[in-house]
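Worksheet for the structure shown next.
Read-outs: derived from the displayed coordinates by stated rules, not from any lab. As the structure is a computational prediction, the values presented were derived from the model and not from experiment. Don't worry about glycine lacking a Cβ; one is built from the backbone with ideal geometry, like all the others, and counts go over all protein chains shown.
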Amino acid sequence: MWRSRLVLALAGFGLPLAAAATPQCPFEPVSAHVWVLHGSNAATCPRAAAHPATNIGAVVTGAGVVLIDPGGSDEITRLVLDRLADVTGEPVVAVINTHIHGPYWLGNAAVRARFPGVPIIAHSRMIARLAAGEARAWAATLDPDAPPDVVGPDTPLGGEATLTVGEVQLRLHPLEHAHTDNDLLVEVPAEGVLFLGGLVVEPELPSQGVPEDADFAGQIRAIGAVIEMQANHYVPGRGTTGGKALPRRAAAFLQALYDSVGRYYDAGLTDFEMVPRLRDDLVRFRQWYDFTALGRVVAFLYLQIEAERF
Ligand SMILES: [Zn+2]
């Protein structure tokens, strides 16, 4: 109703009606204060140079916006901020990076450019690893010839914390080693919302992007813990926001993979030999992975199971 009156008012001033059309990559409401831009949804956010590969969260309060995982480049994050301005006039007052993988945070600089001095919160191990050289390595993924200066997080979190902004309380949960050793979950308890970062992503094999960063047993435990939490809106790092079925699917997939690799390890197969058999074992998940990614993940999972058996 409100929207149709706005369209009429705009038309009255001679502006094109198209001005009221939904833009590409919109933020969509999830709960009273939470919005998500589903960057990985090609239907609402078509593939293009500035297309975010990940989901971006916004907790919009009367005292400003907390932006969760702002995107992976200046260009992408400028688009994110433009779309944010479509749903609120509030400024960004805090940024949260859920983990070290570049597509989630390399756009920090664009947020700082528009909102100077905004604090950027992350797991303390993410900040330590970036300082030890990984910031430059991730920057090189944007521009291998002349790595740009990147803006990493500046506000380390070593334990559970509460962040209160205006009328909304956020709970921040730094995890033990799971998808990475620096995963940070963000919860809006009053609204049953949980941002999962890279812990759960769809439709793909868990941790296929950088399998060397994952502790697969830890990831299974962490997903089990989020299923037990009082949440009903789970926001994955990629894929569509959903209920408890979302982390349950990820847990089932990862557990099936883990169990099969363990069984073939005990039978004396090499990681290379077991991959074709896994394809049959995991047939009910076949739409979620490709063979190359499976081989890469199994190479690391095999080493972790080997270490566990000793
Ligand atoms: Zn990741």
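The Cα atoms of region 161-262 give a gyration tensor whose axes a ≥ b ≥ c have a/c of 1.5 or more with a/b greater than b/c, which makes the shape prolate. On a C-alpha basis, how far is the centre of region 55-92 from the centre of region 153-199 in Å? Whole number, if you could? Between the Cα centre of region 55-92 and that of region 153-199, the gap is 17 Å.
Helices that extend 30 Å or more along their long axis by alpha-carbon positions and average at least -1.0 on the Kyte-Doolittle scale are, among the DSSP H runs of the chain, 245-266. Over the chain, DSSP H runs of length four or greater, each weighted -39,500 (n - 2.57), average out per residue to a 222 nm ellipticity of -11000 deg cm²/dmol. Remark: region 53-62, residue by residue, has Karplus-estimated 3J(HN,Hα) of 7, 10, 8, 10, x, 9, 9, 9, 10, x Hz, where x stands for each Gly or Pro and the curve is 6.51 cos²θ - 1.76 cosθ + 1.60 at θ = phi - 60°.
Using a simple spin-label model with pseudo-atoms 7 Å out from Cα toward Cβ, Thr22 and Thr164 lie 3.6 nm apart.
Please tell me the relative contact order of region 85-213 in percent, rounded to the nearest whole number, where contacts are Cα pairs under 8 Å and at least six residues apart. Worked out over region 85-213, it gives 22 percent.
A cut-off under 11 angstrom between Cβ atoms defines the neighbours of Glu204, and their net charge, with Lys, Arg +1 and Asp, Glu -1, is -1. The translational diffusion coefficient of region 202-310, from Stokes-Einstein at 37 °C and 0.692 mPa s with a Kirkwood hydrodynamic radius over alpha carbon pairs, comes to 229 µm²/s. Once a ≥ b ≥ c are taken as the square roots of the eigenvalues of the Cα gyration tensor of region 204-247, is the result rounded (a/c under 1.5), prolate (a/b larger than b/c) or oblate (a/b not larger than b/c)? Note, shape of region 204-247 comes out oblate.
For region 127-210, what does the alpha-carbon gyration tensor say about shape, rounded, prolate or oblate, given a ≥ b ≥ c as the root eigenvalues, a/c under 1.5 as rounded, and a/b over b/c as prolate? Since a/c reaches 1.5 and a/b is larger than b/c, the shape of region 127-210 is classed as prolate. Eigen-decomposition of the gyration tensor built on the alpha-carbon atoms of the chain gives equivalent ellipsoid semi-axes of 36, 21, 19 angstrom, largest listed first.
Loop-located trypsin sites (Lys or Arg not before Pro) in region 33-125 (DSSP state other than H, G, I, E, B) with a sparse environment of at most 12 neighbouring Cβ atoms within 10 Å: Arg47.
Under a Cβ-Cβ cut-off of 14 Å, what is the net charge of the residues other than Arg171 that fall near it, where Lys and Arg count +1 and Asp and Glu count -1?
Values: positive: none; negative: Glu160, Glu187, Glu191.
Net local charge, Arg171 excluded: -3.
Each 10 Å bin from 0 upward holds the following percent of the Cα-Cα pairs of region 46-119: 22, 59, 19, 1.
In angstrom, the C-alpha Rg and Dmax of region 14-163 are 15.6, 56. Look at the dipole of the chain built from charges on Cβ: of Ala140, Thr162, Val59, the Cα furthest out on the positive end belongs to Val59.
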